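Read-outs: derived from the displayed coordinates by stated rules, not from any lab. The shown structure was predicted, so the numbers you read here are calculated from the model rather than taken from an experiment. FYI the Cβ positions are ideal-geometry reconstructions off the backbone, even for glycines, and counts take in every protein chain you see.
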Amino acid sequence: MTRAASASMQRTVPPRRSGGTAAGADSITDVESARTRAAPRKWMGLLPWVFPAMLVLAALGILLSGRDLAQAFMDLERETEGGAGLVRHPLMPWAQRGVSLLLVAASIERIASHFMQRRPVPTPTLTWAFLAYWLTTVVTPAVFGAHPQISHEYAYSMLFGLAATLCAEADSDRIVAWSRDALFLYMLAGMALVPVMPSLVLDTAYTQGLLPGLPRFGGLASHPVMMGMLTQTALLLLWTHPFGRRWLNVAAWTLGLGVLFLAQSKTAWVAFLLSATLLVIVRRTPQAVQRLGDPRHNSFGVLALFACIAAVLALLGAVLVVDVPGLVFDYFDTSEGAQLVSMTGRDRIWMVAMAEWHNYPVFGYGPQLWDAEYRQSIAMPNATHGHNQFIDTLARCGSVGAAGLVVYALVLLVLSVRYARATRGLSVAIFATLALQSISEIPLLLAGYGTDLFTHVLLLVVLAGAAAGRQRPAAAEAEPLAPRPLRSAP
């Protein structure tokens, strides 16, 4: 049968009506299912394996370290003073080499296959913004900084991030699903060690929690704050990409919320509440507005009005009856309140970082900022970074790096909002997580790779997948139609 005849036969098939019978719909579904099962499984590459491998490497490092989480700050002091800190297990260098080889091979395979197939870049703006950010925050301070340092580890983040910006829609879905599974197994492994090795995963010396005497759960992460941020990322992935079985979703939500609470990270709590609010807004606002203006659903409008009235009354009661402002001012007069105002001592670290920027305003101090020798010179053994993404970038990379950070953050913001509906709110939720974490941490640092880079690169994958998904229907519409066969003269 010729192509023209085939096209002609396809045009004669009547379109399926929405009001067709259930049997007809079931038969069409069965045909599509059989076609999907008969089709060979497509090779998805090695890139999805890198995300679980990063978590396995982090968990193995903690498991073999024999740490006492309650003595974490004392270990940093001993390391800064030249003493014996945590001894690294001989197996860890080999495990890290294996993950590094996997990362390089997976990234090169993704980049090479993309260009060999002559596929368009999902979003060139994101790719070029990421490369510019890597050049201004990694290359320029490493070469032109006040204390230059060249290392092969700086290339890993560039390859990994570039490969992430070239992901297709199917690649993004698979990476998100694998990351979700790996994160929950990561949490489950940490919880399983509580009765076996409690000092490894619990900080029993923590006294600033909501419940006095409740240990802080760090799991197999480097710090409870990191455990909390990874947990809330896992909950966002579970929300937008749930498991296929209901009991598994219930178990995952129970585990995730329990770990999020036990980590006792206020940053992670606020990040999850903010991200969850954005998810609800993106996923429910159009339907809510439609129902609010629909006279057939007037009960919804009445409930919304009562909710607004209740919120206003609660606010007035908090101000007039309970005197919440007075309680807040009284709290700030206490030692705990003063510690909160100073961001638990981070204001001193920010002053040191700004002083380094004034000393080296163009290209910054260099990659060696906040290493053990520098922390010893400023007598701050716990200052492992600048505790603020912008301030840390200013001190480490100078004004050039800070400009690259601002441009890159704006690109991520615009693309996250643009593809919010396509990603079911996941893009804006992850961006909000990174933005909030940037206030007191440095989640966008590209020096090396590890759990700090997990959520950052995951956002690149989600944005690239959403952009590639929009290119597919556009390419289908632009595809020329098959020429119709000429009719013979009568």
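Extending each Cα 7 Å along its Cβ direction at residue 382 and residue 417, get the distance between those two points in nm, one decimal.
3.7
To the nearest 0.05, what FRET efficiency results for residue 188 and residue 439 with a Förster distance of 25 Å applied to their C-beta separation? Walk me through the numbers on the way to the answer.
Details: r = 30 Å, r/R0 = 1.18.
Efficiency for this residue pair is about 0.25.
Taking 0.36 nm per residue of sequence separation and subtracting the Cα-Cα distance, how much length would be gained by fully extending the chain between residue 254 and residue 284, in nm to one decimal? Intermediate results must be reported in sequence, preceding the final value.
Working: separation 30, 0.36 × 30 = 10.80 nm, distance 2.36 nm.
So the extension gain works out to 8.4 nm.
Amide H to amide H under 5 Å from residue 202: which residues, 5+ apart in sequence or cross-chain, H placed 1.01 Å off N in plane?
69, 218
Determine how many Å³ per residue the convex hull of the Cα atoms of the stretch 122-227 encloses. Before the final figure, lay out each step's value.
On the way: hull volume 19.2 nm³, N = 106.
Convex hull volume per residue, Cα atoms: 181 Å³.
For the stretch 252-263, in order, what is each residue's ³J(HN,Hα) by Karplus, 6.51 cos²θ - 1.76 cosθ + 1.60 with θ = phi - 60°, in whole Hz (x at glycine and Pro)?
Running phi through 6.51 cos²θ - 1.76 cosθ + 1.60 with θ = phi - 60° gives 5, 5, 5, 5, x, 5, x, 5, 4, 6, 5, 5 Hz.
Given a Förster distance of 35 Å, report the FRET efficiency between residue 128 and residue 270 from their Cβ-Cβ distance, rounded to the nearest 0.05. Please list the in-between numbers first.
On the way: r = 32 Å, r/R0 = 0.92.
The pair residue 128/residue 270 has a calculated efficiency of 0.60.
Output wanted: per-residue J couplings in Hz (rounded whole) for the stretch 356-362, from phi through Karplus 6.51 cos²θ - 1.76 cosθ + 1.60, θ = phi - 60°, x for Gly and Pro.
Couplings: 5, 5, 5, 6, 10, x, 8 Hz.
Report the label-to-label distance for residue 372 and residue 116 in nanometres (one decimal), using points 7 Å from each Cα along the Cα→Cβ vector.
4.4
List, in order, the whole-Hz ³J(HN,Hα) value for each residue of the stretch 153-170 obtained from phi through the Karplus relation with A = 6.51, B = -1.76, C = 1.60 and θ = phi - 60°; use x for Gly and Pro.
5, 5, 7, 4, 5, 5, 5, 5, x, 5, 5, 5, 6, 9, 6, 8, 5, 5
Expressed as a whole number of Å, what is the distance separating the alpha-carbon centroids of the stretch 216-279 and the stretch 426-463?
15
Take residue 210 and residue 277, extend 7 Å from each Cα along the Cα→Cβ direction, and tell me the distance between the two endpoints in nm.
1.6
Can you tell me the length gained on complete extension of the stretch residue 406 to residue 177, counting 0.36 nm per residue apart and subtracting the Cα distance?
Values: separation 229, 0.36 × 229 = 82.44 nm, distance 3.03 nm.
Once the chain is fully extended between residue 406 and residue 177, it gains 79.4 nm.
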